Amino acid sequence: MSSYKYQYILIAFLIMTLSSCVTAPSLSPKPVSAGYLYEGSYINIHAPNSNGWFLVSSSQDGIEFARSGVEKGESFAAQVLMFSLPQTQSEQEFIAIIKEGFEFDTHSERFSEIVSKFQYSKERGYPCVTVSSVVEDRQAKTSVNRIEKLILQSNSLYCRHPVRQETGFAIIYSHRGKVRFSTLDAEAENFINGVQVP
């Protein structure tokens, strides 16, 4: 495996870890207004367009929002992460490298993949892959001293940046709870559409 691909897989692992570990906002989170715009030279990011979200972390590598759900242990996460991305020669190769990172993450002692779907997208005019997945998280930390089995459901868009083409970004919207969240697709689409290259 090339060093570029290995670096990518490490980033993908970070993505899955972050989206699966968010329980309730912690570490001095800051409430964020629905749809608040974070402008940048690399990418513009709108916070999720609903109430109850907190800004959990923000750095040059990305931004993460979280909110609690109605049920005990239920949580939502919305993230945008940036990473190095090796060159690819075709749509299929681009899908393959995204899928490779995903499978590296989900084939572990912690996660069991239930379903996943990868599809190349030309909608933005630059290379992207849509990913929808449902996995079982067997080590979901729902409180300081409580571990449960929960369903982690996520919709994501992985893209190569159209200007800084040696890099990519991932837009991830996820839900974790005892059952699947019925309106995840609509909420995820809204968040993903709110993240655009300036």
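The values are calculated or read from the model by the stated rules, or taken from the named source; none is laboratory data. Computed from a predicted structure; not experimentally measured. As a convention, Cβ positions derive from the backbone with ideal geometry for all residues, glycine included, and neighbour counts pool all protein chains shown. Heavy atoms of the whole protein, side chains included, go into the accessibility calculation; ligands, DNA and RNA do not. Shrake-Rupley method; radii C 1.70, N 1.55, O 1.52, S 1.80 Å.
Okay, residues lined up against (1) over 13 Å from G73 (Cβ atoms); (2) among the hydroxyl-bearing types (S, T, Y):
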site: S133; (1), (2): yes, yes
site: D137; (1), (2): no, no
site: K141; (1), (2): no, no
site: I147; (1), (2): no, no
site: R160; (1), (2): yes, no
site: H175; (1), (2): no, no
site: K178; (1), (2): no, no
site: A186; (1), (2): yes, no
site: G194; (1), (2): yes, no
Tell me the residue from Q79, Q119, Q92 that is within 23 Å of G40 (Cβ to Cβ) and either open to solvent by 50 Å² or more (accessible area, probe 1.4 Å) or touching a strand residue (DSSP E or B) at 6+ places or on another chain (Cβ under 6 Å) (or both), please.
Q79
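Please work out which residue is modelled with the lowest pLDDT, limiting yourself to the stretch 144-177 and to residues that are of a type in the set (K, R) and open to solvent by 60 Å² or more (accessible area, probe 1.4 Å).
R146
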Which residue is farthest from Y158 (Cα to Cα), if the candidates are limited to the stretch 59-73 and must be open to solvent by less than 30 Å² (accessible area, probe 1.4 Å) and not hydrophobic (A, V, I, L, M, F, W, C)?
G73
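Quick check on this structure: which one of G73, G35 is touching an Asp or Glu at 6+ places or on another chain (Cβ under 7 Å) and touching a residue at least 24 places away in the same chain (Cβ under 8 Å)? Even if it seems obvious, please write down each step before you answer.
Working: G35 fails: touching an Asp or Glu at 6+ places or on another chain (Cβ under 7 Å).
One residue alone meets the criteria, G73.
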Going by the conditions given, is R180 buried (at least 22 other Cβ atoms within 10 Å of the Cβ), at negative phi, of a type outside the set (A, V, I, L, M, F, W, C) and in contact (Cβ under 8 Å) with a residue 12 or more places away in the chain?
no
